[in-house]
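Visitor: Take this structure, written in structure tokens, and hold onto it; I'll ask about it next.
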Amino acid sequence: MLISLNWLKQYVDINESINDLEEALTMIGQEVEAIDEKGKFLDKVYIGQIIEYGKHPESEKLTLLKVDIGHEVVLQIVCGATNHKLGDKVAVATIGAELPGEFKIKKAKVRGIESCGMLCSERELGIGESHEGIIILPEDAPVGEELRKYLSIDDVVFELEITPNRPDCLSHIGIAREISAYYKRKVKYPKVILNTVNEATSDVIGVDILAKEKCRRYSAKIIRNLKISESPKWLQDRLKSIGLNPINNVVDATNFVMMEYNHPLHAFDLNKVSGNKIIVREAKDGEKIITLDNEERTLEAGELVIADGGKALAIAGIMGGKNSSIDEGTTDILLEVAHFDTYSIRKTSKRLGLSSDSSYRFERGVDLEDAEVVLNRVASLIQEIAGGEILYGISEKYHNKYQKREINLDLAKLNKFIGKTLTLEQVGDILTSLSIEIISNNNGILTVTPPSYREDLTRPADLYEEVIRMYGFANIEAKMPIENIKGGEVFKETEIVDGYKRKLVDIGLQEVINYSFIPKDATQKIKMEVNNAIEIMNPISEDMVIMRPTLIYSLLSNVRDNFNRNIFDLNLFEVGRVYLGKEDSKLADEKVKVGIAVAGKKDKELWNVKPESYDFYDLKAYVEGFLEGIGLKKYQVYRSENQSFHPGRAVDIKVGKDLLGTYGEIHPDVADNLDIKKYRVNIAEFDAETLNKYASKKIKYEGIVKYPAVERDLAIVLDKEILVGSMLSEISKISDLIEKVELFDVYEGEKIENTKKSVAINILLRSKKGTLTEEEVTNTINMILETISKKYKGEIRQ
């Protein structure tokens with residue numbers, strides 16, 4: 001946002017230096033990105049008159065001129081522009097002048113002819129954007145006078161970074177309010193003088209809002225018998241100072257007031273409006289309109305337009321139509337001030353690729369209550385510079401009217417928050433200077449109402465910020481808060497999460513950190529049914545539309561992105577939050593999840609070792625290592641019905657009825673949906689809270705057993721549906737002599753029934769008390785076989 005200092009001084013007294021004003025603006029939250037001191041490149045630039053005109057003897061495109069710059073000085077200048085003639089008054093940069101871009105004017109020869117200066121365009125002098133030709137000044141411009149003095153260019157323009165929550169500061173009055181509050185001065189609002197006729201605007205034109213959700217208020221005012229002409233110099237200079245090109249007196253007045261109040265306006269040629277009603281409606285699908293930039297735009301159903309009885313007159317809040325534009329023949333105008341839905345304007349602007357100063361403001365929000373003030377201001381200004389008769393009153397529709405907000409500010413909490421004691425009088429003065437009305441004071445609790453243009457003030461914390469920035473950050477001493485907090489105290493959840501991360505790193509996994517936002521169709525792609533996903537109101541991209549209800553999509557995206565970059569050895573984990581909506585609550589149900597992804601091929605570079613792909617059992621080893629690391633040893637394994645996973649290659653881990661999580665190979669359809677090719681992907685996801693419920697809180701250390709172990713291998717025939725993991729877990733519980741049970745082979749083939757499989761398991765037996773006897777070994781193996789037979793209907797393979 002560009003703010004002219006000369007323009008700003010119309011509304012508030014400013015005597016501070018440029019540096020002091022820059023610091024003040026930055027301290028109150030309006031960061032200064034750049035400062036442009038207008039006219040600083042106009043040293044040694046004078047008004048001259050062409051007294052001799054001829055063609056350059058060596059070039060048809062160049063002219064050879066004699067230019068009188070006063071004081072009995074005539075310069076010979078070679079010029080490449082085409083828009084000048086004998087007698088023209090021009091801007092002459094003389095030898096020694098320094099123009100923008102560190103361009104210094106020197107005596108030079110152009111095609112063999114000496115040139116002692118330069119005739120300049122607006123852009124070359126840094127006073128405008130026009131570069132189509134050199135500046136041609138009015139006939140009464142005094143030869144020899146400094147151009148700076150003649151143009152009254154002695155201004156400073158601040159480029160401010162206005163945050164999205166402060167659209168009210170996208171105007172000179174908005175910044176004047178801020179400065180007046182900071183320096184404790186009064187805002188000088190423009191004086192409005194309306195000379196109206198007895199005819200009422202509402203008798204001539206009506207307003208009908210059909211799209212009520214997209215337009216809360218539409219106000220109109222009519223001026224008759226005005227004259228379209230060039231704007232007065234002061235108005236043109238104001239607009240040029242902030243980079244706007246003057247068009248004509250009516251359009252310039254609407255632009256001026258927009259930059260004054262931050263409320264976009266539009267002027268229609270009343271004689272081009274059919275019927276006696278303005279209609280705010282949604283466009284028909286395929287409806288066309290030629291906008292002011294002479295482009296034909298095709299609209300989609302639902303996009304907002306301003307129309308009369310037969311045609312669309314403007315794309316609401318973005319750009320007017322050519323069919324109702326102001327031109328030299330215009331005598332009667334209809335002025336519009338409206339309040340449009342920010343989301344609707346932003347969506348249409350982005351789809352059309354059409355942005356304007358108007359849309360920029362409507363996308364961020366404008367004051368709902370200032371319509372009549374703005375209309376009267378622009379009508380008064382137009383009457384001043386274009387004449388005309390202002391019809392009495394306005395014609396408008398205003399539904400869903402503005403409701404004042406009441407916010408309670410506890411002075412004690414404010415002082416505790418900022419770490420300094422401010423008096424009630426100090427706080428009251430600051431709030432009042434910001435036009436925040438104090439309704440009541442109940443023992444240090446103020447009830448206040450913010451002005452209608454401050455939609456960002458909704459809660460006590462917002463008022464804290466207002467008080468602090470106006471009181472001055474520099475006035476608050478840097479002191480440590482005095483609180484009874486134990487040093488080094490760590491939140492329980494943080495301690496648990498950090499512990500899980502350490503265990504996952506210890507077993508050889510690499511941590512990834514992902515955004516909490518995922519695409520809207522992400523859950524559909526991973527075949528996960530979610531009815532209460534939390535959708536972002538204003539997502540920054542299509543890839544960040546909902547809060548993630550699972551870590552699975554994020555981890556799969558990591559795998560895909562790495563595969564696309566030819567990185568195939570992936571052992572990843574993430575410990576992060578997932579989010580689901582709560583019934584009867586605006587708050588999210590947040591849970592911490594632990595996710596593991598194992599995919600690709602094992603990175604083995606030995607020439608005589610064939611590369612192996614990661615499979616279910618590699619993930620199983622990581623999962624078991626993690627669970628063992630957190631002291632969770634007693635759990636059950638069941639076949640998983642989770643739709644995100646491959647049927648038959650995924651399991652649920654439970655303790656009793658509590659589901660700890662699921663792990664296994666991802667479903668082929670899910671892999672296809674995410675465009676993951678070449679290698680299978682294995683994923684695990686656990687609920688951190690449930691894990692913590694059953695994880696051992698104590699670390700138990702055991703000495704190395706000094707007695708020898710005995711190994712036995714068993715080949716067991718089972719039904720194919722039996723989960724071997726569950727059987728192994730059960731076997732390990734049979735006797736204290738069983739130290740380890742491992743599966744080392746699975747066979748399905750010709751020598752076994754089609755419904756059966758043969759599993760080979762290794763059993764390691766050891767006693768902590770002494771060397772095992774043959775009887776102890778035999779009895780333990782018999783108990784194992786009995787359990788297999790009775791519980792799993794298995795038998796020794798013959």
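Visitor: Translational D (Stokes-Einstein, µm²/s) of region 77-151 at 25 °C and 0.890 mPa s when Rh comes from the Kirkwood sum over C-alpha pairs?
Guide: Estimated via Stokes-Einstein, D reaches 187 µm²/s.
Visitor: Further question on the same structure: Can you flag which of Lys9/Lys66; Lys212/Lys413; Lys693/Lys733; Lys9/Lys277 are past 32 Å Cα-Cα?
Guide: With Cα atoms farther than 32 Å apart: Lys9/Lys66; Lys212/Lys413; Lys9/Lys277.
Visitor: Still on this model: Per residue, how much space in cubic angstrom lies within the convex hull of the C-alpha atoms of region 596-735?
Guide: So the per-residue Cα hull volume is 193 Å³.
Visitor: Which of the aspartates and glutamates could a cross-linker bridge to Lys720, judged by Cα under 16 Å and excluding same-chain residues fewer than eight apart?
Guide: Asp745, Glu748, Glu750, Glu753, Glu795
Visitor: For semi-axes √(5λ) of the Cα gyration tensor in Å, the listed values are (i) 68, 34, 27; (ii) 43, 31, 27; (iii) 75, 34, 30; which was obtained by calculation from the structure presented?
Guide: (iii)
Visitor: Given the -39500 (n - 2.57) contribution per DSSP H run of 4+ residues, what per-residue ellipticity at 222 nm results for the chain, rounded to the nearest 500 deg cm²/dmol?
Guide: Counting only the DSSP helices, I get -7500 deg cm²/dmol.
Visitor: Amide H neighbours of Glu300 under 5 Å, counting only residues 5+ apart in sequence or on other chains, H built in-plane at 1.01 Å?
Guide: Distant-sequence amide H within range of Glu300: Gly286.
Visitor: Based on the mean of other Cβ atoms within 10 Å per residue, sort peptides 120-128, 51-59 so the most packed one is first.
Guide: My ranking of the peptides, most packed first, is 120-128, 51-59.
Visitor: Can you tell me the orientation of helix 774-792 relative to the chain, as the angle in degrees between its alpha-carbon axis and the longest Cα principal axis, to the nearest 10?
Guide: Compared with the principal axis, the helix lies near 60 degrees.
Visitor: If you don't mind, another one. Ordered by residue, what ³J(HN,Hα) values in Hz, to whole numbers, does region 147-152 give under the Karplus form 6.51 cos²θ - 1.76 cosθ + 1.60, where θ = phi - 60° and Gly and Pro are x?
Guide: So the J values, rounded to whole Hz, are 5, 4, 5, 5, 7, 6.
Visitor: With a 10 Å radius around each residue's Cβ, average the other Cβ atoms per peptide and rank 417-428, 671-682, highest first.
Guide: Result, highest mean Cβ count within 10 Å first: 671-682, 417-428.
Visitor: Non-local amide H neighbours of Arg797 (under 5 Å, H modeled in plane, Pro and chain starts lacking H): which ones?
Guide: Ala715, Ile716, Val717
Visitor: Another question, then. What lysines sit close enough to Lys610 to cross-link, taking a C-alpha to C-alpha distance under 21 Å and skipping anything fewer than 8 places away on the same chain?
Guide: Lys610 reaches Lys601, Lys602, Lys677, Lys678.
Visitor: Okay, moving on. Just to confirm the number: angle between the C-alpha axis of helix 371-386 and the first principal axis of the chain, 0 to 90 degrees, nearest 10?
Guide: Tilt relative to the chain: about 30 degrees.
Visitor: Identify all lysines with a Cα-Cα distance to Lys698 below 19 Å; exclude those on the same chain that are fewer than 8 residues away in sequence.
Guide: Counting by Cα, and skipping residues close in sequence, Lys698 has these lysines nearby: Lys492, Lys501, Lys503, Lys633, Lys634.
Visitor: ³J(HN,Hα) across region 508-516 via Karplus (A = 6.51, B = -1.76, C = 1.60, θ = phi - 60°), whole Hz, x for Gly/Pro?
Guide: x, 9, 10, 7, 10, 10, 10, 5, 7
Visitor: Here is a follow-up. So for the chain, averaging the separation of alpha carbon pairs under 8 Å that are six or more residues apart and normalising by length, what relative contact order in percent results?
Guide: For the chain, the relative contact order is 8 percent.
Visitor: Rounded to the nearest 10 degrees, what's the angle between the helix 616-629 long axis and the longest principal axis of the chain, both from Cα atoms, 0 to 90?
Guide: Around 90 degrees separate the two axes.
Visitor: Got a sec to turn the phi values of region 219-226 into Karplus ³J(HN,Hα) couplings, 6.51 cos²θ - 1.76 cosθ + 1.60 with θ = phi - 60°, whole Hz, x for Gly and Pro?
Guide: So the Karplus estimates, Gly and Pro as x, are 10, 9, 9, 10, 10, 10, 6, 8 Hz.
All of the numbers you see were taken from the coordinates with simple rules; none came from a lab. Just so it is clear, the structure is predicted and the values come from calculations on it, not from any experiment. Please note: Cβ atoms are built from the backbone with ideal geometry, for glycine as well, and neighbour counts cover all protein chains shown.
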